[in-house]
1. Find all pairs meeting these conditions: Cβ atoms under 7 angstrom apart; at least six residues apart or on different chains; first residue within region 1-27 and within 20 Å of Tyr107 (Cα to Cα); second residue assigned to a strand (DSSP E or B) and of a type in the set (S, T, N, Q).
2. Filter region 6-18 for residues that are crowded, with 22+ Cβ neighbours inside 10 Å and under 22 Å from Ala85 (Cα atoms) and give the result.
3. Can you find a residue in region 150-168 that is in a helix (DSSP H, G or I) and either modelled with pLDDT of 90 or more or under 15 Å from the mean Cα position of the chain (by Cα) (or both)?
4. Can you find a residue in region 187-202 that is among the aliphatic types (A, V, I, L, M), part of a helix (DSSP H, G or I) and surrounded by 16 or more Cβ atoms within 10 Å (Cβ to Cβ)?
5. Quick check on my filter: what residues within region 46-74 are of a type in the set (A, V, I, L, M) and assigned to a helix (DSSP H, G or I)?
6. Considering only residues that are β-branched (Val, Ile, Thr) and under 19 Å from Cys137 (Cα atoms), which ones fall in region 167-219?
7. Quick one: in region 55-67, of everything that is out of contact with any helix residue (DSSP H, G or I) (no Cβ under 8 Å at 6 or more places or on another chain) and not β-branched (Val, Ile, Thr), which residue is surrounded by the most Cβ atoms within 10 Å (Cβ to Cβ)?
Amino acid sequence: MNLFVVFEGIEGCGKTTQIKRLGSYLGSRKLPYTVTREPGGTPVGEEIRKIFLHSDNKDNITPLTELLLVTASRVQHIHQIIKPALNEKKIVLCDRFSDATVAYQGYAGGVPLSVIYRCHELFLDSIKPDLTILLDCPVKVGLGRSRSRNRAEGKQREEGRFEEKALKFHEKVRQGYLDIAGKEPGRFRIIDSEQSVESIHEEVCLVIIEKLREKGYAV
């Protein structure tokens, strides 16, 4: 059994919460899984994450530099975490992957999509999610959640760089995700993340079971 599942969405859409809950669900069913995130997932990736998300770098990193940073993190991530886990027949639950780059650095940041897709073609070793769960909600809702969480956890500086960007930026990110999903309906499942945490979790579990059965696993 192996399955590469990615959770995507704007800031504050609830990815981290739902990944944790899904992990618990899979564990209760004795299904092998691993949880990881981008940027990050490896020691090198986590160092890149610090640069990428720190609010001190709000105006110091261009979208093209972001693309190169996150690609470097992703290359390490694929070879050190994702591919080995899939080879061990695990379900990989990843918080963001290549679609995030298209939405954030492409649609919102202005890097030509052709450049991003070429970068993916060159460096991602043909790795693509089996399933991408897009947790969708209005930008004001997501940003409100994310900013409140960062304040509560004292992470405004360490991980608040994107939360500080203008509302228009985040609207472009959201629209980017919806456009990407519209082009690949077979891979994406869009879930309304304004629902209760439990309702979202139930929907996520149904989607995962459906995908596993599509791949021929008896679950």
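1. Val6/Thr132; Glu8/Thr132
2. Answer for region 6-18, where residues must be crowded, with 22+ Cβ neighbours inside 10 Å and under 22 Å from Ala85 (Cα atoms): Val6, Phe7, Glu8, Lys15, Gln18.
3. Scanning region 150-168 turns up at least one residue that is in a helix (DSSP H, G or I) and either modelled with pLDDT of 90 or more or under 15 Å from the mean Cα position of the chain (by Cα) (or both).
4. Yes, some residue in region 187-202 is among the aliphatic types (A, V, I, L, M), part of a helix (DSSP H, G or I) and surrounded by 16 or more Cβ atoms within 10 Å (Cβ to Cβ).
5. The answer is Ile48, Ile51, Leu53, Leu64, Leu67, Leu68, Leu69, Val70, Ala72.
6. Answer for region 167-219, where residues must be β-branched (Val, Ile, Thr) and under 19 Å from Cys137 (Cα atoms): Val173, Ile180, Ile190, Ile191, Val197, Ile200, Val204, Val207.
7. Ser55
The values are calculated or read from the model by the stated rules, or taken from the named source; none is laboratory data. Fair warning: this is a prediction, and the values are worked out from it, not measured in the lab. Here the Cβ is made from the backbone with ideal geometry for all residues, glycine too, and neighbour counts use every protein chain on show.
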